[in-house]
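The values are calculated or read from the model by the stated rules, or taken from the named source; none is laboratory data. Quick caveat: nothing in here was measured; it's all calculated off a predicted structure. Here the Cβ positions follow ideal geometry from the backbone for every residue, glycine too, while neighbour counts run over all protein chains shown. Accessible surface is based on the protein model in full, side chains and every heavy atom, while ligands, DNA and RNA are left aside. Shrake-Rupley method; radii C 1.70, N 1.55, O 1.52, S 1.80 Å.
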Amino acid sequence: MSVTSTHPSLSPVSTSNAPAAVGPYAQGIRVGDLLFCSGSLGLDPSVGKMVEGGVEAQAEQALKNLKAVVEAGGSELGKVVKTTVFLANMDDFVPVNAIYSRFFGDHKPARSAVQVARLPLNALFEIECIASLV
């Protein structure tokens, strides 16, 4: 089996201001005028552990981690085009939505929110996004 290399048109994004990837993937990838950010969990990047305080604390930290990757990739929150939110329990939609709304302010990216059977590290919340670089 041959080893696949990253195509020169793709630029991996990495920052120590967000947790390292927990698998064989990049925190983000720049291609053309877009930045694709991998899912962010509520891990504290300074200790590599999930923050305590339930879904609200995890959502807050995951959004901070996402912001760090977005900025490391050369974009900003106001240029986020689309987010996907993964919840361990859809009953958490309302409190998570309040944190999400506060985080993005007047900017309202397109979004999907789904309940999943399980998230990595038994997280309660995960978010990924696509952002514009122009």
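A few remarks follow.
Okay, residues lined up against (1) at pLDDT 95 or above; (2) over 11 Å from the mean Cα position of the chain (by Cα); (3) crowded, with 22+ Cβ neighbours inside 10 Å:
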site: 31; (1), (2), (3): yes, yes, no
site: 34; (1), (2), (3): yes, yes, no
site: 42; (1), (2), (3): yes, no, yes
site: 45; (1), (2), (3): yes, yes, no
site: 49; (1), (2), (3): yes, yes, no
site: 52; (1), (2), (3): yes, yes, no
site: 57; (1), (2), (3): yes, yes, no
site: 64; (1), (2), (3): yes, no, no
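- Residue count, segment 83-102 (criterion: out of contact with any strand residue (DSSP E or B) (no Cβ under 6 Å at 6 or more places or on another chain), over 26 Å from residue 73 (Cα atoms) and open to solvent by 60 Å² or more (accessible area, probe 1.4 Å)): 4
- Test: residue in segment 103-122 that is closer than 24 Å to residue 23 by Cα, open to solvent by 50 Å² or more (accessible area, probe 1.4 Å), at pLDDT 95 or above and acidic (Asp, Glu): no
- Search result, residues across segment 1-29 that are of a type outside the set (A, V, I, L, M, F, W, C), open to solvent by 60 Å² or more (accessible area, probe 1.4 Å) and part of a strand (DSSP E or B): 12
- Note on segment 69-82: among residues that are of a type in the set (Gly, Ala, Ser) and surrounded by 14 or more Cβ atoms within 10 Å (Cβ to Cβ), the one that is farthest from residue 57 (Cα to Cα) is 74.
- Figure legend. Inter-residue proximity from segment 113-129: first residues without any contact (Cβ under 8 Å) to a residue 40 or more places away in the chain and of a type in the set (S, T, N, Q), second residues open to solvent by less than 30 Å² (accessible area, probe 1.4 Å) and not in a loop (DSSP other than H, G, I, E, B), beta-carbon distance below 9 Å, spacing 6+ or different chains. Indicated pairs: 115/87.
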